[in-house]
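Below: the structure, in C-alpha cells.
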Amino acid sequence: MTPSQSNPCTAAWVRTACISAVLAVSWLAPTAWAQSTDLSACMAELRPAARSGKVSDATWSRHTAGLQADFSVIEKLNFQPEFRTAIWDYMSALVDEERVADGKARLTEHRQALERAEQRFGVDAATVVAVWGVESNFGQTFGKYPLVQALGTLACHGRRQSYFRGEFFSALRILQAGHIAPERLVGSWAGAFGHTQFMPSTFERLAVDFDGDGRADLMDSSVDALGSTANFLARAGWQSGLPWGIEVKLPAGISLAGEGRRSKRLVADWAARGVRRVDGSALPASLGQVGLLALAGANGPAFLVTRNFDALYSYNAAESYGLAIAHLSDRLRGGGPFATPWPTDDAGLSRAERRELQGLLVMRGHDIGPVDGMLGDKSREAIRAEQQRLGMEANGRGGQKVLKALRGG
Ligand code: CA
C-alpha cells in the first residue's frame, strides 16, 4: 500500500494543494459532458464499469437514479487560492490551547479503545488522537457534501474523472456493505469523510470495526475511527516506540540545501555537523536515520524527523500537516510549544483569538459572516479595511498586530 498516493485529499486544510499535487496521474480521456445537472447519460456510461467493480444493480439503481450534479465541487476542484497561508498561521490555529485541552479530554474519554488500538496496531494514543483533532476537530467538522452526489459529479465532470470514478464506486460499495447509512455519508467536497476523513478507497482498504458492532462506521463511531486511524498509520510503516522526531538547534551557517524529510542520515552525522537538541544537549542516537525538517528556513523551528514522521505525512501528503499532528501529539503528552519561535514579528492567532478578532470586526460594522474562528474572504476583506484605516500594511492577514491594534480601539 502506498497511502500518500491513494489517500491524497483528506483534511480540509490542505486539500487544494493535495489535489493539485496528484493531478498529474489522470490518464483516461474523459467524455466531456454538457454542463447540465442531469448525470443520467454519464451514469449510463459508467454502469458497466461499476458492475465489474462489484457495485450491484440494486445499489446502483438506488443511489444513482435521478442523481444531480453539484457544480460547486468542480469550482472547489479548480480553485486556486490567491492567499497563501504562512506556516505560523496554519500551526497556531491547528495546535492551540483549545485543541490541546479538547484532545486531553478525548484521551481520557477513550482510554480503553486507545489502549486496545495501541496493543493491536502499535500506535500510541496521543498520536491517534492528534490525527483526529487535526482531521475533524475530534468529530466536530465532517464536511457537508453528500458524498455520492459530490463524487458522482467529480466522476463525470472536471479534470480528475478517472480518479474520482474509483472513489465513487468505493463509496457505493461502502453503502452496499451497510457500513454507513446513505443519509449519513457526507464529507468534504473531494470525498473525505468521517472522524478521521478517510477517502472511500482508503476506507475499503483500512477501516476497521473496532467497537465490534459488525460495521466499520467512521461517521458515527469514534471508536471505529480511532482504530482505523491506528491501522492506517501501522500500514504506513509506523514503528512502535519511536518518536516522530525532536526539535533541534542548528549551528550558525549550516546549509539546508538538499536537506529535507527524505534525506535521512544517521544521528551521528547530524551531531558531527553541529546539530544539538534545543536545550544544547546531545542528540539521542536511538532515533536512527533522521531527516532535517525546517519549514520556515534555518531561522525558524527545526526538527530531525524519523520514519514515523513519514507515516504522519502519508496521511495527507503535506509536511505542514504532518508537523501539526506531530506537535499536537507532543502537546497531548504534556510537552510545550516549540522552543524556537517562528521567524516573524507578527505571530499567528489561535482560534480563540481569531474569534475575538472577528468580534472586533463585527463591532466595527463589518459583515464577515459567522464568528467561527475561520478567517475567510469576508474576514480578510474587513481586516484589510481596518489595516488601511490604522496605517498598517493592508494585507488582509489576521495576526497579533492587527488584533492588538483593534483591542486598543
Ligand atoms: Ca463498528
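Annotation: Leu218 fulfils all but one of (1) more than 10 Å from the ligand (Cβ to nearest atom); (2) aliphatic (A, V, I, L, M); (3) under 20 Å from the mean Cα position of the chain (by Cα); the unmet one is (1). For segment 144-184, a residue qualifies if it is under 19 Å from Phe71 (Cα atoms) and either not assigned by TED's automatic domain parsing to the domain that holds Gln68 or not in a helix (DSSP H, G or I) (or both), and the qualifying residues are Lys144, Tyr145, Pro146, His157, Gly158, Arg159, Arg160.
Scanning segment 170-179 for residues that are touching a residue at least 40 places away in the same chain (Cβ under 8 Å) and surrounded by fewer than 24 Cβ atoms within 10 Å (Cβ to Cβ) yields Arg173, Leu175, Gln176.
Among the residues in segment 367-376, are any farther than 27 Å from Gly300 by Cβ and surrounded by 15 or more Cβ atoms within 10 Å (Cβ to Cβ)? Yes, segment 367-376 contains a residue that is farther than 27 Å from Gly300 by Cβ and surrounded by 15 or more Cβ atoms within 10 Å (Cβ to Cβ).
Among all residues of segment 80-91, there is none that is in contact with a strand residue (DSSP E or B) (Cβ under 8 Å, 6 or more places away or on another chain), crowded, with 21+ Cβ neighbours inside 10 Å and either part of a helix (DSSP H, G or I) or hydrophobic (A, V, I, L, M, F, W, C) (or both). All conditions in (1) buried (at least 21 other Cβ atoms within 10 Å of the Cβ); (2) touching a residue at least 60 places away in the same chain (Cβ under 8 Å); (3) closer than 22 Å to Val73 by Cα hold for Leu185, with the sole exception of (2).
With the requirement that a residue be within 16 Å of the ligand (Cβ to nearest atom), of a type in the set (Lys, Arg) and assigned to a helix (DSSP H, G or I), what does segment 185-215 give you? Result: no residue meets the conditions. Only one entry in Gly166, Gly241 is away from the ligand (no atom under 11 Å from the Cβ), within 20 Å of Arg116 (Cβ to Cβ), out of contact with any strand residue (DSSP E or B) (no Cβ under 6 Å at 6 or more places or on another chain) and small (Gly, Ala, Ser), namely Gly241.
Of the residues making up segment 303-345, just one is of a type in the set (Lys, Arg) and in contact with a Gly (Cβ under 7 Å, 6 or more places away or on another chain), namely Arg307.
In segment 54-69, the residues that are more than 10 Å from Leu39 (Cβ to Cβ) form Cβ pairs under 7 Å with partners that are modelled with pLDDT of 95 or more and surrounded by fewer than 18 Cβ atoms within 10 Å (Cβ to Cβ), at six or more places apart or across chains, as follows: Val55/Gln176; Ser56/Gln176; Thr59/Gln176; Trp60/Arg47; His63/Pro182.
For Thr229, the test of being within 24 Å of Lys144 (Cα to Cα) and away from the ligand (no atom under 16 Å from the Cβ) is failed.
Kindly establish whether Asp102 is in the same structural domain as His157 (by TED's automatic domain parsing) and either in a loop (DSSP other than H, G, I, E, B) or not hydroxyl-bearing (Ser, Thr, Tyr) (or both). Answer is no for this residue. Do you know which residues across segment 251-261 are surrounded by 10 or more Cβ atoms within 10 Å (Cβ to Cβ) and either more than 16 Å from Leu283 (Cβ to Cβ) or in contact with a helix residue (DSSP H, G or I) (Cβ under 9 Å, 6 or more places away or on another chain) (or both)? Listed by number, the residues that qualify are Leu256, Gly260, Arg261. Can you pull out the residues in segment 185-232 that are of a type in the set (Ser, Thr, Tyr) and over 17 Å from Arg120 (Cβ atoms)? Result: Ser188, Ser201, Thr202. Restricting Ala302, Ala318, Ala296 to those that are within 19 Å of the chain's Cα centre (by Cα) and among the aliphatic types (A, V, I, L, M) reduces the list to Ala318.
The values are calculated or read from the model by the stated rules, or taken from the named source; none is laboratory data. What you see is a predicted model, and the numbers here were worked out from it, not measured in a lab. Neighbour counts run over all protein chains shown; Cβ positions are idealised from the backbone, glycine included.
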